Amino acid sequence: MQYIGGIDIGGTKMAVVIADSDGPLLRLTEPTAKEGSSRAPADQAIRMLRQACEQAGVPFSELKTVGVSSCGPFIKQNGLIELRTQNICGGIGNRGDLPNDWQTVPLEAVLREQFTNVHIENDCVAALAAERAFGALQGSDHCAYVTWSTGVGFGLCVDGVMLRGKNGNAGHAGHMLLSEQSLAQCGCGNIGDVEALASGRNLEIQHGRSAEELFNAVKDGDVKAHAAVIHAAQWFGRALYNVTATLDLQAFVIGGSIWHHHGDWLEPIVKNEICSRLPPLTAGVQLLRPALDAYVADIGALYLAMPPAWIGNWRVHALWQRIGDIETV
């Protein structure tokens, strides 16, 4: 029996999944490690995969191949991917809300100490690949996956080609500069970029309460929270407009915790920012929910590690749907 592992590394949460040709076997989640040495997140992923194998009765020694869906940006050291991620590495423009002074996380080097085959992509690129293989973007050649959560990120596809760039960072449109008037600062150091204006982490810093608390307060009639959230949604929509105008896209699948919980009432605001401008480029642009739901990045990580022969079987039999039934915390 052949087994693969999937690792989803976010600024808030890490998830690991193990699977065989018949589908996912077990999923574990933990808060992403942000203390200790800079290799702590990679060591955490290995430990969690070992624990998942033990709980599923899979010999850890037989887990040779892993796919990694990770927030970025990435840099390369000696040809190996390291994370230089502002939501994990406290040494990058540290504003005091991260308990470390890391400049990078040596992700690939540490994982290769344990696994023979390691495939790493930006989390939005992996999610886009999964939605194109199994989800809402099957058959779509001009599309993007967008996450609105701790950060804001994009995975991009034009003319059927997934965009990656020189270091795998294509799609970091969350760091487009939008406003010189704003004092909002992103963890990367930018003032007035998309993440500074709309991401969960930066909304919490600006308004003194978590993104969940802020968005829920809108439903409770909080006027100040309502203004802050509407403003963030407008900036997010303008970012999608800019990407549409630049790449002539037809569809966005939007995921991430903010959209997952609040997209039903935020969608008209975001869509107005896109479709009220330049109709030759924006008419008919679709905003879609991930068919793979909250597990899109996990399934994307598995897709990166998946033997080609498995893909058709997973697609035809919707084996990815099992992932929601095998989670333990």
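The values are calculated or read from the model by the stated rules, or taken from the named source; none is laboratory data. Keep in mind it's a predicted model, so treat the numbers as computed, not measured. Neighbour counts are summed over all protein chains in view; Cβ atoms, including those assigned to glycine, are modelled from backbone coordinates with ideal geometry. Calculation scope for accessible area: heavy atoms of the full protein, side chains included, ligands and nucleic acids excluded. Shrake-Rupley method; radii C 1.70, N 1.55, O 1.52, S 1.80 Å.
Quick notes on this structure:
- Flag if residue 174 is under 16 Å from the mean Cα position of the chain (by Cα) and either open to solvent by 30 Å² or more (accessible area, probe 1.4 Å) or closer than 20 Å to residue 298 by Cα (or both): no
- Meets criteria (buried (at least 23 other Cβ atoms within 10 Å of the Cβ), at pLDDT 95 or above and part of a helix (DSSP H, G or I)) for residue 66: no
- Residue count for region 293-318, restricted to those that are more than 24 Å from residue 241 (Cα to Cα) and either polar (S, T, N, Q) or crowded, with 20+ Cβ neighbours inside 10 Å (or both): 13.
- Number of the condition not met by residue 199 [criteria: (1) polar (S, T, N, Q); (2) more than 26 Å from residue 294 (Cα to Cα); (3) surrounded by 23 or more Cβ atoms within 10 Å (Cβ to Cβ)]: (2)
- Candidates 36, 91: the one that is within 22 Å of residue 172 (Cβ to Cβ), open to solvent by 10 Å² or more (accessible area, probe 1.4 Å), out of contact with any Cys (no Cβ under 8 Å at 6 or more places or on another chain) and in a loop (DSSP other than H, G, I, E, B) is 91.
- Residue identified as over 21 Å from the mean Cα position of the chain (by Cα) and either closer than 25 Å to residue 157 by Cβ or of a type in the set (A, V, I, L, M) (or both) among 240, 281, 249: 281
- Some residue of region 276-288 being over 18 Å from residue 123 (Cβ atoms), of a type in the set (Ser, Thr, Tyr) and assigned to a helix (DSSP H, G or I): yes
- Residue 161 closer than 25 Å to residue 197 by Cα and either among the aliphatic types (A, V, I, L, M) or in contact (Cβ under 8 Å) with a residue 60 or more places away in the chain (or both): no
- Every test in (1) open to solvent by 60 Å² or more (accessible area, probe 1.4 Å); (2) out of contact with any strand residue (DSSP E or B) (no Cβ under 9 Å at 6 or more places or on another chain) is passed by residue 225 save one, and that test is (1).
- Identity of the residue in region 102-132, within 19 Å of residue 31 (Cβ to Cβ) and out of contact with any Leu (no Cβ under 6 Å at 6 or more places or on another chain), that ends up surrounded by the most Cβ atoms within 10 Å (Cβ to Cβ): 123
- Boolean, residue 237 is at positive phi and either surrounded by fewer than 17 Cβ atoms within 10 Å (Cβ to Cβ) or at pLDDT 90 or above (or both): no
- Single residue of region 178-193 satisfying the filter (aliphatic (A, V, I, L, M) and within 21 Å of residue 96 (Cα to Cα)) that is least open to solvent (accessible area, probe 1.4 Å): 184
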